[in-house]
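Structure record follows, encoded as structure tokens.
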Amino acid sequence: MKELYPWQTELWQRLNGLRSRLPHALLLKGAAGIGKLDLAMDYAQAILCESPLENGMACHQCPSCHWFAQESHPDFRLVQPEVLNESEDAEKESGKKASSEISVAQIRALANFATLSSHAGGYRVILIHPAEAMNANSANALLKTLEEPTDKLLFLLISHKPQQLLPTILSRCLSIAVPMPEVEQSSSWLKQQGIADPANLLAQTGFAPLLALQWAEEDEDVETRKVLLDAVKSGKFDALALAEKLQKSAPVQVVHCLQQWCYDLLSIKQAGKVRYFPQYLNSIENIARSLPLPALLKFLKDLQLARREATHPLNARLQFESLLLGYQQAFKN
């Protein structure tokens, strides 16, 4: 039976306490990579469960739980962008890039579900993840449903960036902040998952344990960061050759790694400490000592622009060449 993440126990107790007076809409907000979706799925299954346990968790034995496990529960809908639903192989077969937005059609498709009676006379649950993926039209379509709530219908919204949601949607939700786990707790859990040295991974992923685990399991991304960091820490590399070596890597991953590296350089200059790459502290100190602050700030702005363009690069290798040549130009003494 699936268990809660160890850092979710207290929050689960709070959610379980709402069962007797469920709101029409519940918003779980917090950083990405800390288990909000899993928590919401557990909560949805528990609400639909016919024989919940004493702690409020689903029994995983009743017909409702079997339907939920098979992703065929008649009283549950999961709404998320196509890119989270489709496999990479399916995208290649269709020849069409999966959307990263929740469309208005997806929200309008919920209209009939929202007005129907539940299959077993209990609740119906709609889970939207992440809520900020709704575009303006889909957000307004959802608002119409929230403004006219029906009996025993629960909306579960998950958001990594609640500030991007419409204020009118926020006002109709009971918001619950999902806190970042303690570093010690995350490290202990990652070690249980077989991660030998979780400290560095946690630092690079903003201390989000699920994201750290994902990075550890993605060998290609681990190799990308190692190749890139080994080059920039020395400062002596052939930008064109390095760009060619990285050309099959995800542009977002490369730009993100460079941003973290430069944030550490800025942090060591201004505050005397690093956040993302403590294992490279000596190299960062040596580089920062002779690094002009204006050049670093300018390159960070270039990286912000590159991050916005990284999801749809015309040519990844050319983008890497430009960034790496820019790095060398900014950081030369």
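The values are calculated or read from the model by the stated rules, or taken from the named source; none is laboratory data. If you're wondering where the values come from, they're calculated on a predicted model, not measured in any experiment. Ideal geometry is used to build each Cβ from the backbone, glycine not excepted, and the neighbour counts take in all protein chains shown. The protein model used for the area step is the full one, side chains on, heavy atoms only, and it has no ligands, DNA or RNA in it. Shrake-Rupley method; radii C 1.70, N 1.55, O 1.52, S 1.80 Å.
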Kindly evaluate residue 231 against the criterion of being at pLDDT 90 or above and either surrounded by fewer than 20 Cβ atoms within 10 Å (Cβ to Cβ) or in a helix (DSSP H, G or I) (or both). yes
Tally time: how many residues in segment 36-58 are in contact with a Pro (Cβ under 8 Å, 6 or more places away or on another chain) and assigned to a loop (DSSP other than H, G, I, E, B)? 2
Filter result (over 20 Å from residue 329 (Cβ atoms), of a type in the set (A, V, I, L, M, F, W, C) and touching a residue at least 24 places away in the same chain (Cβ under 8 Å)) within segment 232-269: 250, 252
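Among 305, 300, 318, 291, which is the only one that is in a helix (DSSP H, G or I) and surrounded by 15 or more Cβ atoms within 10 Å (Cβ to Cβ)?
On the way: 305 fails: surrounded by 15 or more Cβ atoms within 10 Å (Cβ to Cβ); 318 fails: surrounded by 15 or more Cβ atoms within 10 Å (Cβ to Cβ); 291 fails: in a helix (DSSP H, G or I).
Selected residue: 300, the only one of 305, 300, 318, 291 that is in a helix (DSSP H, G or I) and surrounded by 15 or more Cβ atoms within 10 Å (Cβ to Cβ).
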Under 9 Å between Cβ atoms, at least 6 apart or on separate chains: pull out the pairs that start in segment 278-301 with a residue that is modelled with pLDDT of 90 or more and end on any residue that is assigned to a helix (DSSP H, G or I) and surrounded by fewer than 14 Cβ atoms within 10 Å (Cβ to Cβ). 283/234; 293/270; 295/329; 299/329
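Kindly indicate whether residue 146 is at pLDDT 90 or above and in a helix (DSSP H, G or I). Spell out how you get there, then give the answer.
Details: at pLDDT 90 or above: yes; in a helix (DSSP H, G or I): yes.
It is true that residue 146 is at pLDDT 90 or above and in a helix (DSSP H, G or I).
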If you take the residues in segment 178-222 that are assigned to a helix (DSSP H, G or I), among the charged types (D, E, K, R) and modelled with pLDDT under 90, which one is least open to solvent (accessible area, probe 1.4 Å)? 221
Pairs where the first residue, in segment 115-135, is among the hydroxyl-bearing types (Ser, Thr, Tyr) and the second is assigned to a strand (DSSP E or B), C-beta under 6 Å, 6+ apart: 118/124; 123/154
Those residues of segment 257-275 which are open to solvent by less than 50 Å² (accessible area, probe 1.4 Å) and not polar (S, T, N, Q), in sequence order: 257, 258, 261, 262, 264, 265, 266, 268, 274
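Check 45, 61 and return the single one that is under 27 Å from the mean Cα position of the chain (by Cα) and within 18 Å of residue 4 (Cα to Cα). If you could, list the steps in order and put the result at the bottom.
Numbers: 61 fails: under 27 Å from the mean Cα position of the chain (by Cα).
From the options 45, 61, the qualifying one is 45.
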